[in-house]
Amino acid sequence: MSMPVGEARERLSELAQRHEALGGIFDVDGLRLQIDRLNDHTLRPGFWDDAEAAQKVVQEKAAIEAVVTKYEKLQRETKDLGDLLEMADGDESVIDEVIAQIPELEKATRQMEVARMLAGKTDRSDAIVTIHPGTGGVDAQDWAEMLLRMYLRWCEKKGYKTEIVDQQAGEQAGIKGATIHVRGPFAYGYLRAENGVHRLIRISPFDANARRQTAFASLEVVPDLDDDVGEIEIKPEDLQVDTFRAGGKGGQHVNKTESAIRITHIPSGVIVACQAERSQHKNRATAMKMLRGKLYELERQKREAEFQANYGVDKMESGFGSQVRTYTLAPYRLVKDERTEFKTGAVDAVLDGDLDDLIEAYLMKTADQRKKKDEAATAAAQ
């Protein structure tokens, strides 16, 4: 028995109280009504006549259902374990079974509590993630591919759908760059915690003398925004559009036609590219989504910097191009987030996509930072 029965009862009781608080914060009753409203909407005649609008409604409904389902599952499992513990009547095998499930239930509850911090208007959005190698030569290209695998594994564990929109292979190893589209509830809210430069320290497998090398790769995360986002205006005359033959996967057809798209936003210098589809039209639509998200993120970072300058709030949320995390494989093994000071020796697990603890630490820190900003704004208004 890993813990006394009394402690197990206390922890289950505490979980039940936390779930009750979450029900109010998420307004679960209101969400259930919203699901009913959306269900009625999908049953209307002609609902599927506009496939794109219909898909948005279906996605909204799925996102809300995911929150309610997770909440109800936590409540049900906590109650079931509590009932089972009371009925155990000294049966140590049953008691041990209950106790063994409590930590996982606490972890799932903690994840939902963290999710409530994602209150920004774009936090629920899908995400577009771009990875580029930095300094470090072939090691950096290999590191970029390692990061690509790490985030694809994390998305798989979260149940998110992913699509590789653009990828260029390195000559010797790794990748010169990659962009993935991540679809799922709060994808951007979570992944924006990963924005910035990631550093790898290891014994290089590409160095004949087996010397320790440092490599860098940049991660840029932007929201997948709808076309009608009023804050972002993209003028056709500000765009330079180039077509080219796609490389890599896609078969002979993809290499014979100039279906790939590269768009340059001249005023900002932002460049996006997409070669995932055989259709040039579809690639252009995806590239425009990427551009819209990048311009939105640039504007958000600008507003953030202005607020910090005006109200003297310490800068914590790092933008694109700043070092956010170090992964050390030699001479010791450690992952350290430079923004939160969170450390873990479970390097292999992190590289296999176990990022929740690191992301949670960041979101907790940003929640505290947001509170300070609100206090600064209130003080300035008085």
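Taking amide H atoms as placed 1.01 Å from N in the peptide plane, list the residues 5 or more away in sequence, or in a different chain, whose amide H sits under 5 Å from that of Q213.
R202, I203, S204
Taking a probe of 1.4 Å, how large is the accessible area per residue of the chain, in Å²? Intermediate results must be reported in sequence, preceding the final value.
Working: 19760 Å² over 382 residues.
Value returned for the chain: 52 Å² of accessible area per residue.
Hey, can you grab everything whose amide H is under 5 Å from the amide H of A169? Only 5+ residues off in sequence or another chain; H modelled, so Pro and N-termini drop out.
K176
For the chain, set up a Gaussian network in which alpha carbons nearer than 10 Å are linked by springs, and say which option among D337, D368, D352 fluctuates the most.
In this elastic network of the chain, the residue with the biggest mean-square fluctuation among D337, D368, D352 is D368.
Which is farthest toward the positive dipole end of the chain among G6, H41, G90, measuring Cα position about the Cα centre, with Cβ charges +1 (Lys, Arg) and -1 (Asp, Glu)?
H41
By how many degrees, 0 to 90 and rounded to 10, does the Cα axis of helix 137-158 deviate from the longest principal axis of the chain?
Between the helix axis and the principal axis of the chain, the angle is about 40 degrees.
Please compute the modelled spin-label separation between D49 and Q168, points set 7 Å along Cα→Cβ, answer in nm with one decimal.
4.6 nm
Would you mind checking which residues have amide H under 5 Å from V270's amide H? H placed 1.01 Å from N; only 5 or more apart, or other chain.
The list, which skips near neighbours in sequence, is H265.
Which order do M288, M87, M112 take by accessible area at a 1.4 Å probe, largest first?
Working: M288 35, M87 140, M112 5 Å².
The residues order as M87, M288, M112, largest area first.
Strictly over 27 Å apart at the Cα level, which of K73/K158; K302/K365; K61/K282; K61/K365 would you flag in this model?
K61/K365
Of the peptides 184-195, 20-31, 161-172, how do they stack up when ordered by the mean number of other Cβ atoms within 10 Å, highest first?
On the way: 184-195: 23.8, 20-31: 13.7, 161-172: 15.7.
My ranking of the peptides, most packed first, is 184-195, 161-172, 20-31.
Would you work out what percent of the accessible area of the stretch 31-116, with all protein chains in place, is carbon or sulfur (probe 1.4 Å)? If you can, show how the numbers build up before the last one.
Values: 2630 of 5210 Å².
The nonpolar share, carbon plus sulfur, comes to 51 percent.
Select from F26, Y151, A349 the residue farthest towards the positive end of the dipole of the chain; place +1 on Cβ of Lys and Arg, -1 on Cβ of Asp and Glu, and compute about the Cα centre.
Selected residue: Y151.
Taking only Cα atoms, what is the 0 to 90° angle, nearest 10, from helix 280-311's long axis to the longest principal axis of the chain?
70 degrees
Per Stokes-Einstein, at 4 °C and 1.567 mPa s, what whole-number D in µm² s⁻¹ belongs to the stretch 3-112, with the Kirkwood radius over Cα pairs as the hydrodynamic radius? Write out the running numbers ahead of the final one.
On the way: Rh = 16.1 Å.
The calculation lands on 80 µm²/s.
Between D142, D348, D96, which gets the highest mean-square fluctuation from a Gaussian network model of the chain, Cα cutoff 10 Å?
In the Gaussian network model the winner is D96.
Within a Cβ distance under 9 Å of T130, other residues only, what is the Lys/Arg minus Asp/Glu net charge?
Details: positive: K294; negative: D166, E220.
Taking every other residue near T130 into account, the sum is -1.
If you build the Cα gyration tensor of the chain and take the root of 5 times each eigenvalue, what three semi-axes come out, in whole angstrom, biggest first?
On the way: eigenvalues 284, 166, 108 Å².
After diagonalising the Cα gyration tensor, the semi-axes are 38, 29, 23 Å.
Please name whichever of P205, Y332, L191 sits farthest to the positive end of the charge dipole of the chain, dipole taken about the Cα centre and charges placed at Cβ: Lys and Arg +1, Asp and Glu -1.
Farthest towards the positive pole: P205.
If I ignore ligands, DNA and RNA and count only protein heavy atoms, how much of F47 is accessible to a 1.4 Å probe, in Å² to the nearest 10?
Approximately 20 Å² of F47 is accessible to the 1.4 Å probe.
With +1 on each Lys and Arg Cβ and -1 on each Asp and Glu Cβ, how big is the dipole of the chain about its Cα centre, in debye rounded to the nearest 20? Spell out each step's value before the answer.
Numbers: 54 positive and 67 negative charges, 306 e Å.
Computed about the Cα centre, the dipole is about 1460 debye.
What angle, in degrees between 0 and 90 and rounded to the nearest 10, separates the Cα long axis of helix 51-87 from the longest principal axis of the Cα atoms of the chain?
Orientation of helix 51-87: about 30 degrees from the principal axis.
The values are calculated or read from the model by the stated rules, or taken from the named source; none is laboratory data. As the structure is a prediction and not an experimental result, all values here were calculated from the model. Reconstructed Cβ throughout: ideal geometry from the backbone, glycine too, with neighbour counts over all protein chains shown. Protein only, heavy atoms only, side chains kept; ligands, DNA and RNA dropped before computing areas. Shrake-Rupley method; radii C 1.70, N 1.55, O 1.52, S 1.80 Å.
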